[in-house]
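*Asks:* Quick one: the structure is below, questions incoming.
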């Protein structure tokens, strides 16, 4: 056995939020991830089920039966305090809509009571520093890497407008069983020969937190969302259909279907469709794209 490596962690450097569907799988799209250093704190609170203690006393008043269950870990509640506003980041973490200007830029956010926070989720990665005093010769700069692979239910909570900075806080997000992160879509550790690589081992579906040391630097923070995958150039009929090539995402809406090649080129059969980024459906008539599933 190679032994263990102990380390200390200080400060937060950056975080990356990745869009997930309601079942914890990564959603490909043009704004499916945000890397930010615009946070003040990321707080994790452990949730446990204490169970039911069984205690029975006899006629003399002495305890004759006592069974005290062990606490069961059920997940984390996560609270993030932000500095500044990144509308795409808030949208990823809450599922709430963004406000856009005349050119389509996201310039704000909404909180709408009709939005079901369980329809979507997000993964949260956070990088911290490792004090230079514990860095080993020849290994270079190292970082702490935290991953919560499946969260749902975030809302923008209380805030105050006054003679001070207006800071928003995400509250109510809870980690869930059943993540589909596997080894993840990103290179976050050093693999063979020191090259950046994905996690060495796939996460267990019931892993709620993964923490490790890494020599791969965190990604550079940016304002706004970035793509996971590539824009689709083709769509194959099905119920639902799929977009091509592999690792591609469909158009944001029906108006963006121009340039997507249908397969087959003949009219799709009854019930066939593809799902667009806004949740609407489209099908191929044999000559043009039309809204909805093929009637």
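The values are calculated or read from the model by the stated rules, or taken from the named source; none is laboratory data. No experiment lies behind these values; they were computed from the predicted model shown. Cβ: placed from backbone, ideal geometry, glycine included. Neighbour counts: every protein chain shown.
*Asks:* Return the only residue of 240, 295 being closer than 26 Å to residue 92 by Cα and either in a loop (DSSP other than H, G, I, E, B) or touching a strand residue (DSSP E or B) at 6+ places or on another chain (Cβ under 9 Å) (or both).
*Replies:* Among 240, 295, only 240 is closer than 26 Å to residue 92 by Cα and either in a loop (DSSP other than H, G, I, E, B) or touching a strand residue (DSSP E or B) at 6+ places or on another chain (Cβ under 9 Å) (or both).
*Asks:* Moving on to the next point. For the list (1) within 20 Å of the chain's Cα centre (by Cα); (2) part of a loop (DSSP other than H, G, I, E, B); (3) within 26 Å of residue 183 (Cβ to Cβ), I need the number of the one condition that residue 211 fails.
*Replies:* Looking at each condition in turn, residue 211 falls short on (2).
*Asks:* Filter segment 57-79 down to the residues that are surrounded by 10 or more Cβ atoms within 10 Å (Cβ to Cβ) and farther than 30 Å from residue 169 by Cβ and list them by number. Don't jump to the end; show me each part of the working.
*Replies:* Initially, segment 57-79 is screened for residues surrounded by 10 or more Cβ atoms within 10 Å (Cβ to Cβ), giving 57, 64, 66-69, 71-79.
Across segment 57-79, the qualifying residues are 57, 64, 66, 67, 68, 69.
*Asks:* From 215, 280, grab the single residue that is closer than 30 Å to residue 6 by Cα and in contact with a helix residue (DSSP H, G or I) (Cβ under 9 Å, 6 or more places away or on another chain).
*Replies:* Numbers: 280 fails: closer than 30 Å to residue 6 by Cα.
On inspection, the qualifying residue turns out to be 215.
*Asks:* Would you pick out the residues in segment 252-273 that are surrounded by 14 or more Cβ atoms within 10 Å (Cβ to Cβ) and farther than 19 Å from residue 120 by Cα?
*Replies:* Passing the criteria: 254, 256, 257, 260, 262, 263, 267, 268, 272, 273.
*Asks:* Moving on to the next point. Would you be able to tell me the number of residues in segment 68-98 that are over 15 Å from residue 223 (Cβ atoms) and either part of a loop (DSSP other than H, G, I, E, B) or in contact with a helix residue (DSSP H, G or I) (Cβ under 8 Å, 6 or more places away or on another chain) (or both)?
*Replies:* Matching residues across segment 68-98 total 9.
*Asks:* Is one or more of the residues making up segment 146-153 surrounded by 14 or more Cβ atoms within 10 Å (Cβ to Cβ) and free of Cβ contacts under 8 Å to residues at least 24 places away in the same chain?
*Replies:* So far as segment 146-153 goes, no, none of its residues is surrounded by 14 or more Cβ atoms within 10 Å (Cβ to Cβ) and free of Cβ contacts under 8 Å to residues at least 24 places away in the same chain.
*Asks:* Residue check: is residue 56 over 22 Å from the mean Cα position of the chain (by Cα) and in contact (Cβ under 8 Å) with a residue 24 or more places away in the chain?
*Replies:* On the way: over 22 Å from the mean Cα position of the chain (by Cα): yes; in contact (Cβ under 8 Å) with a residue 24 or more places away in the chain: no.
So residue 56 fails the test.
*Asks:* Let me ask something else about it. Under 7 Å by Cβ, and 6 or more places apart or on different chains, what pairs join a residue from segment 162-186 that is more than 16 Å from residue 118 (Cβ to Cβ) and not assigned by TED's automatic domain parsing to the domain that holds residue 211 with one that is modelled with pLDDT of 95 or more and crowded, with 19+ Cβ neighbours inside 10 Å?
*Replies:* Listed by first residue and then by second, the contacts come to nothing, as the list is empty.
Every residue, every condition in (1) in contact with a helix residue (DSSP H, G or I) (Cβ under 7 Å, 6 or more places away or on another chain); (2) in contact (Cβ under 8 Å) with a residue 24 or more places away in the chain; (3) part of a loop (DSSP other than H, G, I, E, B), yes or no:
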position: 201; (1), (2), (3): no, no, yes
position: 227; (1), (2), (3): no, yes, no
position: 246; (1), (2), (3): no, no, yes
position: 251; (1), (2), (3): no, yes, yes
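*Asks:* Considering each residue of segment 112-129, count those that are in contact with a strand residue (DSSP E or B) (Cβ under 6 Å, 6 or more places away or on another chain) and modelled with pLDDT of 90 or more, and give that number.
*Replies:* 9
*Asks:* Among the residues in segment 31-43, are any touching a strand residue (DSSP E or B) at 6+ places or on another chain (Cβ under 9 Å), over 19 Å from residue 170 (Cα atoms) and in the same structural domain as residue 97 (by TED's automatic domain parsing)?
*Replies:* Yes: segment 31-43 contains one or more residues that are touching a strand residue (DSSP E or B) at 6+ places or on another chain (Cβ under 9 Å), over 19 Å from residue 170 (Cα atoms) and in the same structural domain as residue 97 (by TED's automatic domain parsing).
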